[in-house]
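**Q** Below is the structure I would like to discuss, written out as structure tokens.
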Amino acid sequence: MGEKKFRADQIFAWLHVKKVSDFDLMSNISAQLRARLKEKFCLKSLFVVKKLESNRDNTVKYLYRLSDGNHIESVLMEYEHGNTVCVSTQVGCKMGCRFCASTIAGYKRDLLPSEILLQVYTAERESGRKIGGVVLMGIGEPLDNYDNVVAFLGQVSSKDGMDLSLRHVSLSTCGLVPKIYELSKLKLGLTLSVSLHAADNVSRSAIMPVNDRYDINELMKACRDYFAVTGRRISFEYALIDGHNDSREDAAKLAKLLGDFVCHVNIIPVNKIKERNYHSDRKSAQRFRGYLEELGINATVRRTLGADIDAACGQLRREYEI
């Protein structure tokens, strides 16, 4: 456009520091240039279709409409150390995990980097709360949208923008092994959370079709490589399902599988969804945690946030679109 280079820096700061959604708010840019920008470009935004606020723990759940009419969700959570937003990376999910609501409504498309980033900016703007952490654990499989997710990570951590340390970012994957190897080479410093949910191939394949493509042995090899390359401890997610993966024997298998890992196990009482007969509760989760700790495995039970608003991702989108 023939403008001086510093104008790009000004515009970038308005978008990624002050997070404005209108060119007219860019007060240190001339009215003439603002008019030209409006002619040539558009600023994307997310439309808040529904906002649910917990009366228990300040959790806020957002249902957003995208510019093409599709819907996604994100969840803002309050912890002692600050606020974290859980973002979606796809409209729906292809992975087909049996206990997950996100996959039931079907996969539509990948999210663009801007659409992932806007979930962070919009939650911060809507809530008035400073966001200090991001979890890529909403609707979708982040590593199935690898290029756009990596671009998002570059944007959210930009020193000239939000400047969020990637040590405050957690990326959850069901185990796309080739992409774990690719991610490790970037040495981004983020926390990798692997959705394991079972300690043997038969049990895991029964609830996670991805295990038929990349079995537990392949997955564990990739996780060892990730730690060796990055030095970052891996978190293993374990959605507890009564009668499927919750016995003392299951704990022993898991302890054997993880015995040589520098890792942490996050036990998750599985959320009830009407299409599936899977369930568990915090009492079961605490019992399973005890089994693991007896065997020397570091484990915690995930704190339940937003239970009064069904804050688990996928449920609100599914109910709205049905």
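**Q** Counting only residues that are of a type in the set (A, V, I, L, M) and surrounded by 15 or more Cβ atoms within 10 Å (Cβ to Cβ), how many does the range 5-42 have? Step through it out loud before you land on a result.
**A** Taking the range 5-42 first, the residues of a type in the set (A, V, I, L, M) are 8, 11, 13, 15, 17, 20, 25-26, 29, 31, 33, 35, 37.
Remaining after also requiring surrounded by 15 or more Cβ atoms within 10 Å (Cβ to Cβ): 11, 13, 15, 20, 26, 29, 33, 37.
The number of residues fulfilling the criteria is 8.
**Q** Look through Leu118, Leu166 and report the one residue that is in the same structural domain as His264 (by TED's automatic domain parsing), at pLDDT 95 or above and closer than 20 Å to Arg232 by Cβ.
**A** Numbers: Leu118 fails: closer than 20 Å to Arg232 by Cβ.
One residue alone meets the criteria, Leu166.
Results for (1) buried (at least 17 other Cβ atoms within 10 Å of the Cβ); (2) under 24 Å from Asn266 (Cβ atoms); (3) more than 19 Å from the chain's Cα centre (by Cα); (4) not assigned by TED's automatic domain parsing to the domain that holds Lys50, shown as yes or no for each residue.
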residue: Thr122; (1), (2), (3), (4): yes, no, no, no
residue: Val177; (1), (2), (3), (4): yes, yes, no, no
residue: Asn201; (1), (2), (3), (4): no, yes, yes, no
residue: Ile207; (1), (2), (3), (4): yes, yes, yes, no
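**Q** Among the residues of the range 256-282 satisfying the criterion of being modelled with pLDDT of 90 or more and out of contact with any Phe, Trp or Tyr (no Cβ under 8 Å at 6 or more places or on another chain), which is surrounded by the fewest Cβ atoms within 10 Å (Cβ to Cβ)?
**A** Lys256
**Q** So which of Ser157, Ser165 is out of contact with any Gly (no Cβ under 8 Å at 6 or more places or on another chain) and on the phi < 0 side of the Ramachandran plot?
**A** On the way: Ser165 fails: out of contact with any Gly (no Cβ under 8 Å at 6 or more places or on another chain).
Answer to the check: Ser157.
**Q** So which residues in the range 231-250 are surrounded by fewer than 19 Cβ atoms within 10 Å (Cβ to Cβ), within 19 Å of Thr173 (Cβ to Cβ) and either without any contact (Cβ under 8 Å) to a residue 24 or more places away in the chain or out of contact with any strand residue (DSSP E or B) (no Cβ under 7 Å at 6 or more places or on another chain) (or both)?
**A** Gly231
**Q** Quick one: would you say Gly290 is at pLDDT 80 or above and on the phi > 0 side of the Ramachandran plot? I'd like the intermediate steps shown before the answer.
**A** On the way: at pLDDT 80 or above: yes; on the phi > 0 side of the Ramachandran plot: no.
No; evaluated as a whole, the condition is false for this residue.
**Q** Does any residue of the range 95-104 turn out to be among the charged types (D, E, K, R), closer than 25 Å to Tyr238 by Cα and part of a loop (DSSP other than H, G, I, E, B)? I'd like the intermediate steps shown before the answer.
**A** As a first pass, look at the range 95-104 and keep what is among the charged types (D, E, K, R): 98.
In the following step, the residues that additionally are closer than 25 Å to Tyr238 by Cα were identified as 98.
If we keep only those that are part of a loop (DSSP other than H, G, I, E, B) too, we end up with 98.
Looking through the range 95-104, at least one residue is among the charged types (D, E, K, R), closer than 25 Å to Tyr238 by Cα and part of a loop (DSSP other than H, G, I, E, B).
**Q** Would you confirm, using the coordinates I've provided, whether Arg98 is farther than 21 Å from Ser158 by Cβ and either among the small types (Gly, Ala, Ser) or modelled with pLDDT under 95 (or both)? Explain how you work it out, then say what you get.
**A** Numbers: farther than 21 Å from Ser158 by Cβ: yes; either among the small types (Gly, Ala, Ser) or modelled with pLDDT under 95 (or both): yes.
In short, yes.
**Q** Sticking with this one: Let me confirm something: among Leu192, Leu219, which residue is under 27 Å from Met77 (Cα atoms) and among the aliphatic types (A, V, I, L, M)? Quick ask: steps written out before the conclusion?
**A** On the way: Leu219 fails: under 27 Å from Met77 (Cα atoms).
From the options Leu192, Leu219, the qualifying one is Leu192.
**Q** Which of (1) in contact with a His (Cβ under 7 Å, 6 or more places away or on another chain); (2) hydroxyl-bearing (Ser, Thr, Tyr); (3) more than 16 Å from Leu295 (Cβ to Cβ) does Tyr238 not meet, given it meets every other one?
**A** So Tyr238 meets the others, but not (3).
**Q** Leu117 versus (1) on the phi < 0 side of the Ramachandran plot; (2) over 14 Å from the mean Cα position of the chain (by Cα); (3) without any contact (Cβ under 8 Å) to a residue 40 or more places away in the chain: which is the lone unmet condition?
**A** (2)
**Q** How many residues, within the range 134-151, are in contact (Cβ under 8 Å) with a residue 40 or more places away in the chain and within 27 Å of Asp9 (Cβ to Cβ)? It would help to see each step written out before you state the result.
**A** The first filter runs over the range 134-151 and keeps only residues in contact (Cβ under 8 Å) with a residue 40 or more places away in the chain, leaving 134-145, 148-149.
Right, trim to within 27 Å of Asp9 (Cβ to Cβ) and you get 134, 148-149.
Qualifying residue count for the region: 3.
**Q** Given the conditions (1) surrounded by fewer than 20 Cβ atoms within 10 Å (Cβ to Cβ); (2) modelled with pLDDT under 85; (3) of a type in the set (D, E, K, R), and given that Arg318 satisfies all but one, which numbered condition is not satisfied?
**A** (1)
**Q** Which of the residues that make up the range 205-224 are within 17 Å of Tyr238 (Cα to Cα) and hydrophobic (A, V, I, L, M, F, W, C)?
**A** Ala206, Ile207, Met208, Val210, Ile216, Leu219, Met220, Cys223
**Q** Scan the range 124-145 residue by residue and report those that are part of a helix (DSSP H, G or I) and of a type in the set (Gly, Ala, Ser). Steps first, answer last, please.
**A** Narrowing the range 124-145 to residues part of a helix (DSSP H, G or I): 124-127, 142-145.
Ser127, the sole residue that qualifies.
The values are calculated or read from the model by the stated rules, or taken from the named source; none is laboratory data. As the structure is a computational prediction, the values presented were derived from the model and not from experiment. We place every Cβ from the backbone using ideal geometry, glycine too, and count neighbours over all the protein chains shown.
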